[in-house]
């Protein structure tokens with residue numbers, strides 16, 4: 001971030017992740033202290049329980065992060081996305097900065113907003129990097145920005161964007177990665193592989209009680225990508241990363257992988273569609289946990305598409321999405 005920032009700033013909102021093993025416990029506390037993640041009132045009780053969960057889960061989580069190199073790459077990858085989109089927008093004559101802002105790890109939303117405000121930014125655009133809207137992610141991220149702007153950038157304007165489950169370039173980027181993945185199998189025919197879309201799960205009661213559109217938007221993404229693939233592809237949808245004993249939406253990705261093995265599938269391509277960067281859910285859960293289950297189930301060729309990360313089509317999508325916020329770009 002420069003000392004003299006333009007008056008406009010776009011915030012790429014992400015959950016974040018610990019970059020070192022020493023940061024794991026703090027990350028877990030921030031995650032579970034979020035009222036949209038741990039739905040307990042009052043706040044003091046929720047924070048106390050979040051602290052207890054962080055202590056209990058830290059040893060296991062540290063082993064998982066150690067297995068992917070000692071920390072999450074999400075900050076670096078998100079900052080790379082921000083820099084690439086900022087470059088695209090500046091090439092179109094837009095005087096703007098694009099910054100990564102995390103809700104559970106550095107750089108925290110509040111610190112980013114405060115720093116930009118000190119440098120002179122007076123117009124903010126919140127762009128959550130969650131392709132499909134959920135009250136468990138998108139809503140809380142936007143609320144954090146609202147509070148931060150009200151506290152640290154008084155008088156500044158804030159524009160907000162929502163989800164982008166069927167943005168054409170977002171879908172095309174995924175379809176491109178799927179086609180490359182299929183071509184890399186020993187039998188490259190579309191019908192020879194099973195494409196398993198995998199999304200982060202959420203509690204079933206959140207969908208039922210709060211009418212969360214997340215499952216519907218996930219299904220729209222799946223349909224949009226599949227429509228761009230060659231005829232004959234076979235696909236399925238599953239959900240990963242459930243926490244705790246409550247009921248989560250499914251079916252569970254791990255269960256589906258095992259079933260595909262029993263069904264005799266030989267080539268399975270997993271497509272993570274709710275994440276826009278590689279992080280613990282792809283690098284550990286899919287690449288290690290699910291891959292091990294696939295081997296045990298007799299699936300000889302099990303792969304996943306890489307995260308969207310710096311895919312040019314996805315970066316173009318983010319640029320288009322940012323430009324769609326007309327009120328942000330129009331001077332009062």
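Quick look at the numbers
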| item | result |
| --- | --- |
| Of the criteria (1) in contact (Cβ under 8 Å) with a residue 24 or more places away in the chain; (2) part of a loop (DSSP other than H, G, I, E, B); (3) more than 30 Å from residue 210 (Cα to Cα), which one residue 104 fails | (3) |
| Sole exception among (1) under 24 Å from residue 71 (Cβ atoms); (2) not assigned by TED's automatic domain parsing to the domain that holds residue 177 for residue 325, by number | (1) |
| Candidates 45, 38 - the one that is assigned to a helix (DSSP H, G or I) and either exposed (fewer than 15 other Cβ atoms within 10 Å of the Cβ) or modelled with pLDDT under 85 (or both) | 45 |
| Enumerated helices (runs of 4 or more DSSP H) restricted to region 136-220, each holding at least 2 residues that are without any contact (Cβ under 8 Å) to a residue 60 or more places away in the chain and in contact with a helix residue (DSSP H, G or I) (Cβ under 8 Å, 6 or more places away or on another chain) | 138-152, 168-183 |
| Of the criteria (1) over 30 Å from residue 306 (Cβ atoms); (2) at pLDDT 85 or above; (3) touching a helix residue (DSSP H, G or I) at 6+ places or on another chain (Cβ under 9 Å), which one residue 84 fails | (1) |
| Qualifying positions in region 161-176 - within 17 Å of residue 129 (Cβ to Cβ) and surrounded by 18 or more Cβ atoms within 10 Å (Cβ to Cβ) | 161, 163, 164, 165, 167, 169, 170, 171, 173, 174 |
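Residue-by-condition table, conditions (1) in contact (Cβ under 8 Å) with a residue 24 or more places away in the chain; (2) under 15 Å from residue 308 (Cα atoms); (3) in contact with a helix residue (DSSP H, G or I) (Cβ under 8 Å, 6 or more places away or on another chain); (4) in the same structural domain as residue 202 (by TED's automatic domain parsing):
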position: 243; (1), (2), (3), (4): no, no, no, yes
position: 250; (1), (2), (3), (4): yes, no, no, yes
position: 256; (1), (2), (3), (4): yes, no, no, yes
position: 261; (1), (2), (3), (4): yes, no, yes, yes
position: 268; (1), (2), (3), (4): yes, no, yes, yes
position: 272; (1), (2), (3), (4): yes, yes, yes, yes
position: 275; (1), (2), (3), (4): yes, yes, yes, yes
position: 279; (1), (2), (3), (4): yes, yes, yes, yes
position: 282; (1), (2), (3), (4): yes, yes, no, yes
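The values are calculated or read from the model by the stated rules, or taken from the named source; none is laboratory data. What you see is a predicted model; the values in this text were computed from it and never measured. So basically every Cβ, Gly included, is an ideal-geometry build from the backbone, and we count neighbours across all protein chains shown.
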